[in-house]
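Chemist: Right, I'll just put the structure down here and ask away after.
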Amino acid sequence: MGHCHKHVDQPKAEEILPKLEVPSVLSRVEELIRRYPVPRSALLQVLWLAQETLGWLPQEAIKWAAAKCSVSPVHAYGVSTFYTMYKKEPTGRFFLQICQNVSCHVLGAEDIIAHAERTLGISSHGGTTSDDLFTLLRVECLGACGNGPVMQVNDDFATDVVDGKLAMPAGVALTAERFDKIVAWCRDRAKSLSKEPKRDATGGIFESKGHPGAKGAVSQAQGFYAPVPPALGVAAVRTDDGKVKLTWRAAPETTTLHIEKKTGSDFAVAASISGKEKEWLDDAAEGTEYRIVTETAQGRGKASNVAKAPAAKGA
Ligand code: FES
């Protein structure tokens, strides 16, 4: 965990690999890597998948993710330590992350962090209560500055309890009173969960809604974690019979390819074809510009590179 230097027992590779090298995890890894032009781009998600599977990120899991994404273990480790969302040690069932960054700071985050430390009797640098219920961590900007000070409980923002659920209503900031309310909610909820915390054999305790990119996951972050892959390597060539032939590479999940052609200063859709198509022919003058916008079940991706029609042969 970010600032914490306490000793963590690291499980051996043979303890964690049987959990990671299973078809359900491996097929997700494959699917994630396929979304990007190069495997290393999937590193954040593969690390997250390992964490979801194990409850935290032991060093051997980081090495495993590195190998899957063709990066060095030290690169993957560096990435994992940059983001506080990756747990380098097991946490309590409720992982409380309070933002200490500028906006939250000026709005009183430090007082709330001090209150949280006093109330739970643990350090805000990754301390865990002896009943394994709470881990407290001060973190950098959680991206909800307008609501500051803010806290995240496991995968969700929480500044209040509304209708029996953790919530972050617009404009409702975390206060010491609301922190107490949230802690009481967590304690209450812990009673209705199984007696034994969901403790992985390797020590992780977690209650996660799932990998943000997972099928059926309810995370709002899905759009961020699973960008629609754009068409790559769009190229235009002139065929023997004088047509412009457009070719590209598109991810297998592409449902539709919108071929855009520049007329005047704007691109306009010239054709929308099946995502399975591999080429498209057009009659156009030299210099005509094309680009492709992909569409998957999740929506539209970014426009591809622009390809220009070459001169006609023999012209
Ligand atoms: S500064 Fe706290 S969420 Fe951005």
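The values are calculated or read from the model by the stated rules, or taken from the named source; none is laboratory data. It should be emphasised that the depicted structure is a prediction, and the values quoted were computed from it without experimental measurement. Backbone-built Cβ (ideal geometry, glycine too); neighbour counts: all protein chains shown. The protein model used for the area step is the full one, side chains on, heavy atoms only, and it has no ligands, DNA or RNA in it. Shrake-Rupley method; radii C 1.70, N 1.55, O 1.52, S 1.80 Å.
Chemist: Restricting to the chain, what percent of DSSP beta bridges are antiparallel, rounded to 5?
Modeler: Percentage antiparallel, nearest 5: 85.
Chemist: Take the residue pairs 68/278; 63/87; 68/88 and return only those whose Cα atoms are more than 21 Å apart.
Modeler: Where the Cα-Cα span goes over 21 Å, the pairs concerned are 68/278.
Chemist: Tilt of helix 73-82 relative to the longest C-alpha principal axis of the chain, in degrees (0 to 90, nearest 10)?
Modeler: 60 degrees
Chemist: Shifting gears a bit: Give a quick list of trypsin sites (Lys or Arg not before Pro) in the range 73-178 that DSSP marks as loop, anything other than H, G, I, E or B, with at most 16 other Cβ atoms within 10 Å.
Modeler: Hits after loop and neighbour filter: nothing returned.
Chemist: Could you tell me how many degrees, from 0 to 90 and to the nearest 10, lie between the Cα long axis of helix 43-54 and the main elongation axis, the longest principal axis, of the Cα atoms of the chain?
Modeler: With rounding to tens, the tilt is 40 degrees.
Chemist: Here's something else I'd like to know. Let me check against my output: what whole-number percent is the relative contact order of the range 26-100, with C-alpha pairs under 8 Å and at least 6 apart?
Modeler: With pairs under 8 Å counted, the relative contact order is 28 percent.
Chemist: Let me ask another. Whole number in Å², please: accessible area per residue of the chain, 1.4 Å probe, ligands, DNA and RNA not counted. Write down the numbers at each step before the final one.
Modeler: Working: 15610 Å² over 315 residues.
Here the residues of the chain average 50 Å² of exposed surface.
Chemist: Let me ask you something else. Give me the percent of accessible area attributable to carbon and sulfur for the range 12-118, probe 1.4 angstrom. Numbers along the way, then the final one.
Modeler: Working: 2750 of 4610 Å².
Roughly 60 percent, rounded to a whole number.
Chemist: Out of the range 72-176, which chymotrypsin sites (Phe, Trp or Tyr not before Pro) are coil in DSSP terms and have no more than 14 other C-beta atoms within 10 Å? Mind showing how you got there, number by number?
Modeler: On the way: sites: 77, 82, 83, 86, 94, 95, 134, 157; in loops: 83, 86.
Taking the range 72-176 and a limit of 14 other Cβ atoms within 10 Å, the loop chymotrypsin sites (Phe, Trp or Tyr not before Pro) found are 83.
Chemist: If the cut-off is 20 Å between C-alpha atoms, which aspartates and glutamates fall inside it for residue 12, apart from same-chain ones fewer than 8 positions away?
Modeler: Leaving aside aspartates and glutamates fewer than 8 places away in the same chain, those within reach of residue 12 are 21, 52, 60, 89, 200.
Chemist: Another one. Hey, can you grab everything whose amide H is under 5 Å from the amide H of residue 284? Only 5+ residues off in sequence or another chain; H modelled, so Pro and N-termini drop out.
Modeler: Amide H to amide H, under 5 Å and 5 or more residues apart or across chains, residue 284 pairs with 244.
Chemist: While we're looking at this one, here's another question. Keeping the other protein chains in place, figure out the carbon and sulfur percent of the accessible area of the range 232-308, with a 1.4 Å probe.
Modeler: Ligands and nucleic acids excluded, carbon and sulfur reach 48 percent.
Chemist: Under 16 Å from the Cα of residue 243, which aspartates and glutamates turn up, not counting those fewer than eight places away in the same chain?
Modeler: Of all the aspartates and glutamates, those that pass the test against residue 243 - Cα under 16 Å, at least 8 places apart if same chain - are 279, 282, 283, 286, 289.
Chemist: Collect residues whose amide H, placed 1.01 Å from N in the peptide plane, falls under 5 Å from the amide H of residue 91; neighbours closer than 5 in sequence don't count.
Modeler: Residues meeting the amide H criterion: 205.
Chemist: Round to the nearest 10 and give me the degree value, 0 to 90, for the angle of helix 59-68's Cα axis relative to the longest principal axis of the chain.
Modeler: 10 degrees
Chemist: Out of residues 5 or more away from residue 139 or on other chains, whose amide H comes under 5 Å of its own, with H placed 1.01 Å from N in the peptide plane?
Modeler: For residue 139, whose amide H was placed from the backbone, the distant partners under 5 Å are 98, 99, 100.
Chemist: What is the chain's relative contact order, in percent, from Cα pairs under 8 angstrom and six or more apart in sequence?
Modeler: 13 percent
Chemist: Something else now. Output wanted: per-residue J couplings in Hz (rounded whole) for the range 19-36, from phi through Karplus 6.51 cos²θ - 1.76 cosθ + 1.60, θ = phi - 60°, x for Gly and Pro.
Modeler: Calculated HN-Hα couplings, in order: 8, 8, 8, 10, x, 5, 7, 4, 5, 5, 4, 4, 5, 5, 5, 5, 6, 10 Hz.
Chemist: Normalised by the residues of the range 233-315, what does the relative contact order come to in percent, with Cα pairs under 8 Å and at least six apart?
Modeler: In percent, rounded to a whole number, it is 35.
Chemist: Kindly write out, for the range 250-267 in residue order, the coupling ³J(HN,Hα) from the Karplus curve 6.51 cos²θ - 1.76 cosθ + 1.60 (θ = phi - 60°), rounded to whole Hz, with x marking Gly and Pro.
Modeler: With the stated coefficients, the range 250-267 comes to 10, 5, x, 7, 5, 9, 9, 10, 9, 8, 10, 10, 8, 10, x, 9, 10, 8 Hz.
Chemist: For the range 94-192, give the magnitude of the charge dipole about the Cα centre (Cβ charges: +1 Lys/Arg, -1 Asp/Glu; no others), in debye to the nearest 20. Let's see the in-between values first.
Modeler: Values: 8 positive and 13 negative charges, 23 e Å.
Dipole about the Cα centre, nearest 20: 120 debye.
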